[in-house]
Amino acid sequence: MVIPKKTLRATKPFIPDLVYFEPDALEYPKGRKIMEFVKAKNIEYRMTTSHNRITNLPGETEQEKYRMAKRTLVVGLRKTLKFDQSKPSADYAIPISTGCMGHCHYCYLQTTLGAKPYIRVYVNTEDIFGAAKSYIEERAPEITTFEAACTSDPVGIEHITGSLQDLITFMAGEEFGRLRFVTKFHHVDPLLELKHNNHTRIRFSINADYVIRQFEPATSRFEERIEAAAKIAHAGYPLGFIIAPIIWHDGWEQGYAELLERLSAALPSSAAEGLTFEMIQHRFTKTAKTVIEQRYPKTKLEMDIEKRKQKWGRWGQYKYVYPDEQQTALRQFITERIFEHFPKSSIDYFT
Ligand code: SF4
């Protein structure tokens, strides 16, 4: 008897349960387009005075409210056009969305977004691109790079907003501007036909199988991300991978060795040219630990302060990273595996 192979279901594009609109958002074509999407999908929607003040989310407990927030989209205008710095990945963070539907236990948005874990998208993209242009002109002829995934995963909501398509097209025309973003979602098809002029580097977040299975619910599977990476390479985009957060766990050497092996087996050789890797070790703050333990009480994420090294963070709080010996072991081992499988790649940083 032939046993049929188990077919894994594709991760579906995100459909929110509830959408809020700022009235002004409907003055913009993107706002109206999102409203059409919402009506076509029969999604419940409400009007709100400000995307910063969503207080009456359904749910009895804090945990229920949090889960609901992760399924709530708020459509508004970006008022602050001063961009934050985004070291070490880029010069500036370009804000096209805030928040994410993913449920990665370790995600720093748990604390940086505080009481506003819902997903905000901004429809005044022309204003945002105008601000980006000023930053580029200020520094020209030096290249200015923008990171579009500092406060969200923009690929996960691209089918609703189309903002990445606009941004990639805008950056293609900027001689001294470059764009980059990272994703854990595989829904890249709308980006494949765009004229990008090699000005956008798309990176996929990857990790050891244990980390993806334990800590990254509600994101695309590893295989889906790699398939999407191959499509991105085929479309001629500069491609990269972020291994983050690197987590010290039982069998980590095998886990990360297998990750690089699987990546090299799955990625067409044409995609291996000019690859970049970024490595970020797991870190947390005391505030993050408290929030994560409330939101994911059964998490296996190790956050034992006694086992970590204290480091001053730019958010005005200590963060806890691995002690130097563990950091060195992780960095050396993964670096060797990267160059073993991808000798022509480069490593941007380990932090
Ligand atoms: S996909 Fe990225 S932004 Fe979304 S929850 Fe996971 S780590 Fe956070």
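Laboratory data are not the source of any read-out in this text; all were calculated from the coordinates shown. Because the structure is a prediction, the values reported are computed rather than measured. Virtual Cβ from ideal backbone geometry, glycine too; neighbours counted across all protein chains shown.
Do you know the relative contact order of the range 18-350, to the nearest whole percent, from alpha carbon pairs under 8 angstrom that are 6+ apart?
This gives 14 percent for the range 18-350.
Starting from 0.36 nm per residue, how many nanometres of slack lie between residue 286 and residue 138 once their C-alpha separation is accounted for?
So the extension gain works out to 49.5 nm.
Could you please rank 18, 164, 26, placing first whichever residue has the fewest other Cβ atoms within 10 Å of its Cβ? Working shown, then result.
Details: 18 19, 164 25, 26 15.
Fewest to most other Cβ atoms nearby, the residues stand as 26, 18, 164.
Once you measure Cβ to Cβ distances between cysteines in the chain, which Cys have no partner under 4.7 Å?
100, 150
Taking the chain as a Gaussian network, Cα atoms linked when under 10 Å apart, which of 143, 160, 94 shows the biggest mean-square fluctuation?
Greatest mean-square fluctuation among the candidates belongs to 143.
Quote the FRET efficiency, to the nearest 0.05, computed for residue 264 versus residue 194 with a Förster distance R0 of 22 Å and r equal to the Cβ-Cβ distance.
With a Förster radius of 22 Å, E is 0.20.
For the range 50-97, report the translational diffusion coefficient in µm²/s to the nearest whole number, using Stokes-Einstein at 4 °C, 1.567 mPa s, and a Kirkwood Rh over Cα pairs.
In µm²/s, the coefficient rounds to 98.
Suppose we keep just the alpha-carbon trace of the chain; what are its Rg and Dmax in angstrom?
Answer for the chain, Rg first and Dmax second: 20.2, 69 Å.
Summing +1 for each Lys or Arg and -1 for each Asp or Glu, what net charge is found among the other residues whose Cβ lies under 14 Å from the Cβ of residue 222?
-2
What is the percent of Cα-Cα separations in the range 6-92 that go past 21 Å?
Working: 1791 of 3741 pairs.
Counting every Cα pair in the range 6-92, those more than 21 Å apart make up 48 percent.
If the cut-off is a Cα-Cα distance under 18 Å, which aspartates and glutamates reach residue 195, setting aside same-chain residues fewer than 8 apart in sequence?
Within the straight-line cut-off, residue 195 pairs with 158, 166, 174, 175.
At a Cα cut-off below 16 Å, give the lysines reachable from residue 298, other chains included and same-chain residues fewer than 8 away excluded.
Qualifying lysines at Cα under 16 Å: 289.
Around residue 326, with a cut-off of 10 angstrom between Cβ atoms, what is the net charge of the other residues, counting Lys and Arg +1 and Asp and Glu -1?
Around residue 326, the surrounding residues sum to +2.
Between residue 249 and residue 103, what is 0.36 nm times their sequence separation minus the Cα-Cα distance? Round to one decimal in nm.
This chain segment gains 50.6 nm when fully extended.
Among 212, 185, 72, which residue has its Cα furthest toward the positive end of the charge dipole of the chain, with +1 on Lys/Arg Cβ and -1 on Asp/Glu Cβ?
The one lying farthest along the dipole's positive direction is 72.
Explain nothing, just the number: dipole magnitude of the range 18-350 about its Cα centre with +1 on each Lys and Arg Cβ and -1 on each Asp and Glu Cβ, in debye rounded to the nearest 20.
920
Excluding residue 198 itself, calculate the net charge of residues whose Cβ lies under 13 Å from the Cβ of residue 198, where each Lys or Arg counts +1 and each Asp or Glu counts -1.
That works out to +1.
Give, in nm to one decimal, the length gained when the segment between residue 348 and residue 80 is fully stretched (0.36 nm per residue of separation minus the Cα-Cα distance).
Values: separation 268, 0.36 × 268 = 96.48 nm, distance 2.97 nm.
Extra length available between residue 348 and residue 80 comes to 93.5 nm.
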